[in-house]
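Chemist: Sharing a structure below in structure tokens format, with a few things to ask.
The values are calculated or read from the model by the stated rules, or taken from the named source; none is laboratory data. For clarity, every value in this text was computed on a predicted model and none was experimentally measured. Methodologically, a virtual Cβ is constructed for each residue, glycine included, from the backbone with ideal geometry; neighbour enumeration extends over all protein chains shown. With ligands, DNA and RNA removed, areas are computed over all heavy atoms of the protein, side chains included. Shrake-Rupley method; radii C 1.70, N 1.55, O 1.52, S 1.80 Å.
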Amino acid sequence: MNSVIMVKKAIHYNVIQNILQYYECPDTCKAECCRNGRVHIFEDEFNLLKENDHERTNGIRSDVLYPALYIMNNPCSFLNQINRCETYERRPTVCGMYPFKVNNSGTTLGLQPCPLGFMIIKDISSWATDTISKADIPAAEKVEKMMQWEISLESYAIEASEFHSRESLQEMQIPYDELEMLSMFLLSKNALKKIPDVSDIQKKHCSI
């Protein structure tokens, strides 16, 4: 098992993909993560990119601090003129999981409040408040917890609005063991969206 597969398994990469399938970067996104971020990739990923486009990988170098990783110069050389990735189907692990980011805790992932990340954060807030509302706890405690989430969401909204100008961002920390539950919540939420309204069914099938 190569290093990329091992890392993807450790960070629950497949679950992250199950979550990200419900979101798209807005048209207004200017790829700040790809233009200004420090993108690290594995040697296997570097070699794959090099095989497919040798010229564009000229600026990718081994990271002095992390010899097992390569670092891409910014802006990423695989961005096109409209700031879209031209190697999307072969994009490295770190790109495929963004706005989720690996940290040093070993128990959580960071979630950056970029425009797409904030969409996810809003859904997490909705999931959390819905869970709290159904919890068998005192009413005063429910109100307090709901207010905490409201305040937290407001702070991330500010982070998201200033995403393009901030040097560092407050990341929401998502425990690994909650990723699967979040994925199931989004599956349920989006399944409900696909159920047609009764009136729509009548309009399509009623001959009167």
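Chemist: Taking 0.36 nm per residue of sequence separation and subtracting the Cα-Cα distance, how much length would be gained by fully extending the chain between S161 and N103, in nm to one decimal?
Modeler: Extra length from S161 to N103 when fully extended: 18.5 nm.
Chemist: Restricting to Cα pairs below 8 Å that are 6+ residues apart, what does the relative contact order work out to for the chain? Please round to a whole percent. Spell out each step's value before the answer.
Modeler: Numbers: 198 pairs, mean separation 46.1, N = 208.
Contact order relative to length: 22 percent.
Chemist: Turning to a different aspect of this structure: I need the calculated FRET efficiency for the pair D63 and Y23, taking r as the beta carbon distance and R₀ as 30 Å, to the nearest 0.05. List each step's numbers first, then the result.
Modeler: Details: r = 29 Å, r/R0 = 0.97.
The computed FRET efficiency comes out at 0.55.
Chemist: Is region 48-128 best put as rounded, prolate or oblate by its Cα gyration tensor, with a ≥ b ≥ c the root eigenvalues, rounded for a/c under 1.5, and otherwise prolate when a/b is larger than b/c, oblate when not? Write out the running numbers ahead of the final one.
Modeler: On the way: a/c = 2.81, a/b = 1.56, b/c = 1.80.
In terms of gyration-tensor shape, oblate.
Chemist: Check cross-link reach from K145 to the aspartates and glutamates: straight Cα distance under 15 Å, and skip same-chain residues fewer than eight apart.
Modeler: Within the straight-line limit of under 15 Å, K145 reaches these aspartates and glutamates: D130, D136, E154.
Chemist: Related question: Taking θ as phi - 60°, what are the ³J(HN,Hα) couplings along region 127-133 by the Karplus curve (6.51, -1.76, 1.60), each to the nearest whole Hz, with x for Gly and Pro?
Modeler: 4, 5, 5, 5, 5, 5, 4
Chemist: At 7 Å along Cα-to-Cβ for each site, give me the label-to-label distance between D136 and I82 in nm.
Modeler: So the label points at D136 and I82 sit 5.5 nm apart.
Chemist: How many Å² of accessible area per residue for the chain, probe 1.4 Å? Don't skip to the end; give the middle numbers.
Modeler: On the way: 13530 Å² over 208 residues.
Accessible area per residue: 65 Å².
Chemist: Work out, in µm²/s and without decimals, the Stokes-Einstein translational diffusion coefficient of the chain at 10 °C, 1.306 mPa s, Rh from Kirkwood over C-alpha pairs. Don't jump to the answer; show the numbers that get you there.
Modeler: On the way: Rh = 19.5 Å.
The Stokes-Einstein estimate is 81 µm²/s.
Chemist: Check each of the GluC sites (Glu not before Pro) in region 1-63 and keep only those in coil by DSSP with at most 10 other C-beta atoms within 10 angstrom; list them in order.
Modeler: Numbers: sites: E24, E32, E43, E45, E51, E55; in loops: E24.
Those satisfying the criteria are E24.
Chemist: Using a cut-off of 10 Å between beta-carbons, work out the net charge of the residues near V94 (Lys and Arg +1, Asp and Glu -1, V94 not included).
Modeler: Working: positive: R38, R91, K101; negative: E45.
So the environment of V94 carries a net charge of +2.
Chemist: Please name whichever of T93, A140, L116 sits farthest to the positive end of the charge dipole of region 80-162, dipole taken about the Cα centre and charges placed at Cβ: Lys and Arg +1, Asp and Glu -1.
Modeler: T93
Chemist: Quote the FRET efficiency, to the nearest 0.05, computed for N74 versus V143 with a Förster distance R0 of 30 Å and r equal to the Cβ-Cβ distance. Numbers along the way, then the final one.
Modeler: Details: r = 45 Å, r/R0 = 1.49.
Between N74 and V143 the formula returns 0.10.
Chemist: Rounded to the nearest percent, how much of the accessible area of the chain (1.4 Å probe, protein heavy atoms only) is carbon and sulfur? Write down the numbers at each step before the final one.
Modeler: Working: 7330 of 13530 Å².
That fraction is 54 percent.
Chemist: Just to be sure I follow: if Rg is taken over the C-alpha atoms of region 1-60 and Rh is the Kirkwood radius over the same atoms, what is Rg/Rh?
Modeler: On the way: Rg = 14.4 Å, Rh = 14.0 Å.
Reported Rg/Rh, Kirkwood definition of Rh: 1.02.
Chemist: Could you work out [θ]222 nm for the chain from helices alone, using -39500 (n - 2.57) per DSSP H run of at least four and dividing by all its residues? Round to the nearest 500 deg cm²/dmol. It would help to have the intermediate numbers written out before the result.
Modeler: Details: 9 runs with 106 residues, N = 208.
The helix-only estimate for the chain comes to -15500 deg cm²/dmol at 222 nm.
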